[in-house]
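Scroll down for the structure; my scribbles are underneath it.
The values are calculated or read from the model by the stated rules, or taken from the named source; none is laboratory data. Predicted model, so just to flag it, every value in this text is computed and none were measured. Positions of Cβ are backbone-derived with ideal geometry, glycine not excepted, and every protein chain shown enters the neighbour counts. Calculation scope for accessible area: heavy atoms of the full protein, side chains included, ligands and nucleic acids excluded. Shrake-Rupley method; radii C 1.70, N 1.55, O 1.52, S 1.80 Å.
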Amino acid sequence: MKLNYSIIFAIPLLMVMFLDPMYLELISGNDENTLGSILSMLVKLNAGVALLYSAYRFQTMSPFMRLVFALVTIYLFGMIMESYYKYSSFFIYPHVFQRILLFYFVFFIYTFYKNNDYLQLRHIINIILIGFILNVVLIHPEALSIASFTNHERGVNASTMYMIVIPFLYFASKYLFEGGVYNLMMSFVVIFAIIFFQHRTIWVCMSGIIVVYVYLVKFKAYKPVNFGKLLPIVLVIAVLGILSSAFLFSMHPEILTKFQENFSDIENASEQGTGGWRYNQFLSYLPFIQDNFLMGMRFEGFELPIQFYRDDIDAPVFEDGNGHHFHSFYVDVLFYIGFVGMALFMMMQVYAVKKGFTSKALNEKQIVILAFITSGFIYGISYILPFFFYAFLGLALAYLEQQPESYTFIRESGMRMRARRRALQKTLHSV
């Protein structure tokens, strides 16, 4: 039997992906202390590897990425010196340093895969799905019930559901570019899982991703795609879905009520549901962000007493001495490392998006990864960006800096052929 050694090239990406609770919970179970200890150790180890490897591969970076890497490293060095000057320790609060060290995950994956095109996304997709199934079945089996759905006991972590978006994009692309009922059905299975576990932020992200994805396939794909072939099967599935939903809602009317509540929370995000909770947390810290807008509070921010209080018992939401835990990437970064830190990250994300949208032609995997990373702008409003997002941003940068001339040639050839076909049809009609 011939072994497929291409899985080896997935290891760097998996190193970061395995930091997600979906995988770590398989080791720690539901013990938050054990999970926290394992996560802390692995993040430090991976961040160290990422920094050293990125520095070693500095010459392989594009001029723009070299500039960003240098600026990030200068900021990190400044924090190290500040830590030693104020506390006689080079790394006084790892919780604060982590905000800047995570950027090296982007450089790590970017430099590894830039000139290495052996990664097969199917390996990554299979590992995501296996991890998801094991996590739900072994760790959160209680989430697989109607009662759990109606009581909003989601069980599965938001970052886990965010990662599940990637298989959806993969299977949707496989169907559009290659066909196959299996690929279409798997994309709908993933959508059902996203709906069932009802993370409303993921619903919003999915809406944005689908819009971006359709645009990229329509105007940037290296070969033409016929969206019309989706219509018959989508129509059949829609009819079956309506009929089965009607039956299900008649048996469990509380499900329909729950959907109405969820959409109401989305519409009134700043007033009710978890959106209201996040908004109040933001208001609690806004004065400190405004007063330290440029560089953030850094170590003083860690030492600052918790500012967010529970109304029912007039007590802090979190315990003092463990840092501040925000439910927004933007608030988290601005509070700890300021606008400068935010700008350093945005330089990479905006560069990747601009690179993709200005390219003449994109292949299938470029479209999948690009569509996914655009959702980070939305996800970051409600949650801290997960570790794997930095990895996929690095992968996007690596892929998007590879613009094979063959893709552009194929797309331009296809456009010329379609133009000739339209001209011929117009001539025949005129005759």
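Summary of values
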{"quantity": "Extent along principal axes [Cα atoms of the stretch 19-66; Å; largest to smallest]", "calculated": "45, 16, 13"}
{"quantity": "Computed label-point distance, nm, for sites Lys354 and Tyr5 using a 7 Å Cα→Cβ extension", "calculated": "4.1"}
{"quantity": "Rg/Rg_globular for the stretch 335-377, with Rg_globular taken as 2.2 N^0.38 Å and Rg from C-alpha atoms", "calculated": "1.36"}
{"quantity": "Spread of Cα-to-Cα distances over 5 Å intervals beginning at zero, given as percent, for the stretch 1-117", "calculated": "2, 10, 17, 18, 17, 15, 11, 6, 2, 1, 0, 0, 0"}
{"quantity": "Accessible area, probe 1.4 Å, largest first, for residues Lys354, Lys220", "calculated": "Lys354, Lys220"}
{"quantity": "Length released on extending from Tyr84 to Met41, taking residue separation times 0.36 nm less the Cα-Cα span", "calculated": "13.3 nm"}
{"quantity": "Given charges at beta-carbon only (K, R positive; D, E negative), |dipole| of the stretch 1-117 in Debye", "calculated": "480"}
{"quantity": "Protein-only accessible surface order, largest first, of His123, His324 at 1.4 Å", "calculated": "His123, His324"}
{"quantity": "Given Lys174/Lys354; Lys114/Lys218; Lys44/Lys365; Lys44/Lys354; Lys223/Lys365; Lys44/Lys355, the pairs whose alpha carbons are separated by over 22 Å", "calculated": "Lys174/Lys354; Lys114/Lys218; Lys44/Lys365; Lys44/Lys354; Lys44/Lys355"}
{"quantity": "FRET E, pair Val225, Asp291, Förster distance 35 Å, beta-carbon r, rounded to 0.05", "calculated": "0.10"}
{"quantity": "Cut-off 12 Å (backbone N to label point 7 Å along Cα→Cβ of Met347), residues of the stretch 72-101", "calculated": "72-76"}
{"quantity": "Two-site FRET efficiency, Val137 against Trp203, from Cβ-Cβ distance with R₀ of 22 Å, rounded to 0.05", "calculated": "0.40"}
{"quantity": "Pairwise label distance in nanometres, Tyr56 with Lys218, each label 7 Å out on the Cα-Cβ vector", "calculated": "4.6"}
{"quantity": "Accessible surface ranking that places the most exposed of Asp31, Asp291, Asp332 first, with a 1.4 angstrom probe", "calculated": "Asp291, Asp31, Asp332"}
